[in-house]
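Report on the following structure.
The values are calculated or read from the model by the stated rules, or taken from the named source; none is laboratory data. In this text the structure is predicted, and so the values were computed from the model without any measurement. Cβ coordinates were reconstructed from backbone atoms using ideal geometry, including for glycine residues, and neighbour counts include every protein chain displayed.
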Amino acid sequence: MPLVPLANLLKKADQGGYALGAFNCNNMEIVQSIVTAAELENSPVIIQASQGAIKYAGLNYIIALARQAAEGTAIPVVLHLDHGTSFDQVMQCIRFGFTSVMYDGSQLPLKENIAQTRRVVEVARVFGVSVEAELGRIGGTEDDISVSEADAFFTDPTEAEQFVAETDVDALAVAVGTAHGQYKGEPKLDFDRLAEINRRISCPMVLHGSSGVPDQSIKRAIELGVRKINIDTNIREAFVGAMRRVLAGNPSEIDPRKVLGPAREAAADVIGNKIRLFGSAGKV
Ligand code: G3H
Ligand code: 13P
Ligand code: ZN
């Protein structure tokens, strides 16, 4: 079927008490692994592309790959822009056929983040495209945030309430203790904050930096209202790890298919496990 917007799938996930997996892609093999895993699990799925992925693969290629993947299957597939920080880039993605966009104004002062996000929502609505926004600083694992700094970086529930009321976004990415990339220790999520934000906002929450978060924490976050969970690092580890193993076993291998085929399978395995953990298996 054609690519679908995110908003309706989020509503269904909210009613069903599960989360949708949003998986980052950079190339054809990863797009294929996402859709193959989702099909096997009979699950709706979100393919997402960062600005870096778009720069690497090209916007037209990303769209063509995702469209082809969606049209070849009966499961609902969303194409989502991940961390769009430029208004123009977000507009370009909407124009070219993304069915969901993230406008990430988390580096801006609250008032400006609200104003820019609101502008994006106004345009996106016209095209039936869903909008995710970010409030608070999610950052990378290298930006070690100490407990005493948490209040300054984590999403403030009162601000979240104002942000969602004034922007009318479909989903809000929150900073509650996760970070992008590989964790050095075990991430500790601020569940009280998650619960408080959930009480105050009318849209579902998104968890970024979810690779390496223990399964029990993921389940608790879903109980507390997280409905979209972003995974990139675990896919990269599986994909490149399989490439390394093939090349270590046969350093003279020159057939890309012999290297990328096992990488695609390894990525699909990881994605399938996440889909089961998130509870979206069998929800088509
Ligand atoms: O949120 C970050 C994602 O893992 C995308 O990373 O910007 O290197 O593509 P990237
Ligand atoms: P990880 O790479 O930590 O899984 O985070 C992915 C993400 O949040 C993409 O927006
Ligand atoms: Zn992210």
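Which ranges mark the strands (runs of 3 or more DSSP E) fully within the range 158-274 that have 1 or more residues being at pLDDT below 95? Outline the logic, then answer.
Details: elements: 171-174, 205-207, 226-231.
Filter on the range 158-274 gives an empty set.
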Check your understanding: Checking Met1 against (1) crowded, with 19+ Cβ neighbours inside 10 Å; (2) in a loop (DSSP other than H, G, I, E, B); (3) in contact with a helix residue (DSSP H, G or I) (Cβ under 7 Å, 6 or more places away or on another chain); (4) not small (Gly, Ala, Ser), which test does it fail?
Key -> (1)
Exercise for review: Return the total of residues in the range 57-95 being farther than 30 Å from Ala281 by Cβ and among the hydroxyl-bearing types (Ser, Thr, Tyr).
Suggested key: 2
Review point. Of all residues in the range 69-94, which are out of contact with any Pro (no Cβ under 9 Å at 6 or more places or on another chain), surrounded by fewer than 19 Cβ atoms within 10 Å (Cβ to Cβ) and either at positive phi or in contact (Cβ under 8 Å) with a residue 24 or more places away in the chain (or both)?
Key: Gly72, Thr73, Ala74, Thr85, Ser86, Phe87, Gln89, Met91, Gln92
Review point. What number of residues in the range 106-144 are among the hydrophobic types (A, V, I, L, M, F, W, C), part of a loop (DSSP other than H, G, I, E, B) and touching a Gly at 6+ places or on another chain (Cβ under 8 Å)?
Key: 1
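Against the definition (part of a helix (DSSP H, G or I), β-branched (Val, Ile, Thr) and over 14 Å from the mean Cα position of the chain (by Cα)), how does Ile94 come out, yes or no? Show your work before the answer.
Numbers: part of a helix (DSSP H, G or I): yes; β-branched (Val, Ile, Thr): yes; over 14 Å from the mean Cα position of the chain (by Cα): yes.
It is true that Ile94 is part of a helix (DSSP H, G or I), β-branched (Val, Ile, Thr) and over 14 Å from the mean Cα position of the chain (by Cα).
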Review point. Quick one: would you say Asp88 is part of a strand (DSSP E or B) and modelled with pLDDT of 95 or more?
Key: no
Study note, to complete from the structure: Within the range 14-59, residues of a type in the set (S, T, N, Q), surrounded by fewer than 24 Cβ atoms within 10 Å (Cβ to Cβ) and more than 14 Å from ligand 1 (Cβ to nearest atom) come out as Gln15, Gln32, Thr36, Asn42
Exercise for review: Could you tell me whether the range 248-270 includes any residue that is among the acidic types (Asp, Glu), touching a residue at least 60 places away in the same chain (Cβ under 8 Å) and touching a helix residue (DSSP H, G or I) at 6+ places or on another chain (Cβ under 9 Å)?
Suggested key: yes
Check your understanding: Scanning for something away from ligand 1 (no atom under 16 Å from the Cβ) and either assigned to a loop (DSSP other than H, G, I, E, B) or in contact with a strand residue (DSSP E or B) (Cβ under 7 Å, 6 or more places away or on another chain) (or both), does the range 97-105 turn up at least one residue?
Key -> yes
